[in-house]
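Structure first, commentary second.
The values are calculated or read from the model by the stated rules, or taken from the named source; none is laboratory data. As the structure is a prediction and not an experimental result, all values here were calculated from the model. Here the Cβ positions follow ideal geometry from the backbone for every residue, glycine too, while neighbour counts run over all protein chains shown. The protein model used for the area step is the full one, side chains on, heavy atoms only, and it has no ligands, DNA or RNA in it. Shrake-Rupley method; radii C 1.70, N 1.55, O 1.52, S 1.80 Å.
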Amino acid sequence: MWRTVEAGMSAAKQWPTHGSLPRILRRLTPFSYGQAGDGRERALARYVLANTPPGDLDAAIAAIDRFAYRNARLINIGEEKGAILDAAVRAARPARLLELGTYCGYSALRIARVMPPGAHLYSIERGAANARVAARIWRHAGVTDRVHGLVGTLDDGGATLGRLRGPVAGGLDFVFIDHGKDEYLSDLRLILGERWLHPGSVVVADNIEYPGAPAYRDYMRRHEGTLWSTVEHPTHVEYQSELRDLVFESTYLG
Ligand SMILES: C[S@@+](CC[C@H](N)C(=O)[O-])C[C@H]1O[C@@H](n2cnc3c(N)ncnc32)[C@H](O)[C@@H]1O
């Protein structure tokens, strides 16, 4: 059951009986448009800014987790799966990283905390409102020298790919996939088409079991030992311990 503490944040919990069709759909399927629709993401930014000292990355991450447990459900990777992501970044020691699906910037903060000095993370988000929330939190946490947000999608006709071509011309050492579940495989193919991966590049993908990314999962299993070598991490959906999930950590064999 979702709980909220901020006034005016309860719309997503009510059964919608009136309003335009897009508005009703948005309320029936929270997060399908990137935000829950009740202001919780903006409330999160206010909470982080009000309750953590500027420049304190650990405090910002802890505050986001606290908000997600106590105030309103968020679709961050969360603590349990976040630890898997942390370990993968530490092991890969990447210099250039790409994230698909910024949301409020939580996983980017976790990545920034453990990536080597001098590394740069480029994080792509379809929703401008989410990107604004993430940018506020990143500025406050002091990571904007190494975390760079882009609004767009990899399949937006070349606009976003074009903006990335300069910064990632030397290739990508690490990719974190956590956006539209039906877009995991097609966007990975776009990245491969750009020849941005090299043998040893690591791709971590969230939500392989829940809500599930079956085409991506089947692709990785089909190419195991030839194009990719994958470690499957059994885990749980963010911020609870009942629903099972899987995180894939795949090394490109070239
Ligand atoms: C699960 S959330 C990402 C959570 C974030 N990685 C974290 O752990 O803090 C998914 C995000 O992907 C965005 N999104 C959906 N489809 C996208 C696409 N094709 N390209 C970029 N972002 C997309 C959504 O708007 C949403 O903010």
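When nucleic acids and ligands are ignored and a 1.4 Å probe is applied, residue 123 ends up with an accessible area of around 0 Å².
Note on residue 93/residue 50: beta-carbon distance plugged into 1/(1 + (r/R0)^6) with R0 of 45 Å gives a FRET efficiency of 0.80.
For the stretch 195-242, the list of trypsin sites (Lys or Arg not before Pro) that fall in a loop by DSSP and count at most 15 other C-beta atoms within 10 angstrom reads 195. At a probe radius of 1.4 angstrom, the accessible area of the chain per residue rounds to 46 square angstrom. Residues with amide H under 5 Å of residue 168's amide H, sequence separation 5 or more or different chain, H placed in the peptide plane at 1.01 Å from N; which? Here the answer is none, since no amide H 5 or more places off falls under 5 Å of that of residue 168. In the context of the full protein assembly, residue 102 retains an accessible surface of approximately 10 Å², using a probe radius of 1.4 Å and ignoring ligands and nucleic acids.
Per residue of the chain, the DSSP helices (runs of n ≥ 4 H) give a summed -39500 (n - 2.57) that works out to -11500 deg cm²/dmol at 222 nm.
Taken about its Cα centre, the chain carries a charge dipole of about 680 debye when Lys and Arg each add +1 at the Cβ and Asp and Glu each add -1 at the Cβ. Binning all Cα-Cα separations of the stretch 78-252 at 5 Å, short to long from zero, yields these whole-percent fractions: 1, 8, 18, 22, 23, 17, 7, 2, 0. What's the center-to-center distance, using Cα atoms, between the stretch 151-225 and the stretch 96-150 in Å? The stretch 151-225 and the stretch 96-150 have Cα centres spaced 17 Å from each other. How much of the accessible area of the chain, in percent, comes from carbon and sulfur atoms when a 1.4 Å probe is used? That fraction is 52 percent. Of the beta bridges in the chain, as assigned by DSSP with both residues counted there, near 40 percent are antiparallel. Helix 78-92 axis versus longest C-alpha principal axis of the chain: approximately 20°, rounded to the nearest ten.
Given a 1.4 Å probe and the protein chains as shown, residue 100 ends up with an accessible area of around 0 Å². In the chain, the longest principal axis of the Cα atoms and the axis of helix 57-70 are about 50 degrees apart. All other residues with a Cβ under 15 Å from the Cβ of residue 154 taken together, and with Lys, Arg as +1 and Asp, Glu as -1, what is their net charge? My count for the surroundings of residue 154 gives -3.
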